[in-house]
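In what follows, a structure is listed as structure tokens, so that the remarks can point back to it.
The values are calculated or read from the model by the stated rules, or taken from the named source; none is laboratory data. Given the structure is predicted, the values throughout are model-derived calculations rather than measurements. A quick note on method: Cβ atoms are made from the backbone with ideal geometry, for glycine too, and the neighbour counts reach across all protein chains shown.
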Amino acid sequence: MVGNQYKYGGHTHTITSFNINEEKEKVTIQTNRRCYERPYESVETFLNSFEPVQKSDWGMMQTGEPHLPEMQINSAVISKLKDVLMDNIEKVKTDKLYIPQATSIKLMVDSVIDLAKIEVAYMEAYVRVKKNA
């Protein structure tokens with residue numbers, strides 16, 4: 001997500017940072033235009049309103065060579081997600097009232113997993129383009 005361009009509110013935004021604050025139960029998205037802060041429960045709906053800007057020619061640079069963007073879902077993110085999920089499992093085991101919050105967190109984790117799938121698909125397409133070039 002970071003570094004990618006999206007259409008939102010009739011403008012093109014470049015995501016410059018994305019932060020999840022577990023203590024405040026808020027997600028902060030900084031773009032080149034402004035900062036958006038949303039509570040966990042509404043972030044999925046908010047993110048769905050961001051439409052990706054299509055990159056033509058599979059990210060061809062001015063040289064005409066395809067380039068591979070930096071991966072956003074790295075091992076540190078995956079490790080943190082595992083920690084959050086394991087922590088939530090323990091909280092749900094001890095306090096059934098935590099289930100709604102755990103459900104919201106699960107939806108956000110699902111969104112991160114979907115982003116990782118997109119990154120993998122992009123890498124696969126990049127390899128295909130590179131082989132055919």
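Tabulated values for the structure
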quantity	calculated
Residue in region 38-48 that is outside the structural domain of Asp87 (by TED's automatic domain parsing), surrounded by 11 or more Cβ atoms within 10 Å (Cβ to Cβ) and in a strand (DSSP E or B) present	yes
Region 2-37, residues that are outside any strand (DSSP E or B), under 23 Å from Ser104 (Cβ atoms) and not acidic (Asp, Glu)	Val2, Lys24
Check on Asp87, in a helix (DSSP H, G or I), modelled with pLDDT of 80 or more and not hydrophobic (A, V, I, L, M, F, W, C)	yes
Number of the exception - Ser79 against (1) outside any strand (DSSP E or B); (2) hydroxyl-bearing (Ser, Thr, Tyr); (3) at pLDDT 85 or above	(3)
Filter result for Lys130 (outside the structural domain of Asn21 (by TED's automatic domain parsing), of a type in the set (Lys, Arg), assigned to a helix (DSSP H, G or I) and in contact (Cβ under 8 Å) with a residue 60 or more places away in the chain)	yes
Within region 95-116, tally of residues that are farther than 20 Å from Thr45 by Cβ and either in contact (Cβ under 8 Å) with a residue 40 or more places away in the chain or part of a helix (DSSP H, G or I) (or both)	5
Residue list for region 77-94, filter: β-branched (Val, Ile, Thr) and without any contact (Cβ under 8 Å) to a residue 40 or more places away in the chain	Val77, Ile78, Ile89, Val92, Thr94
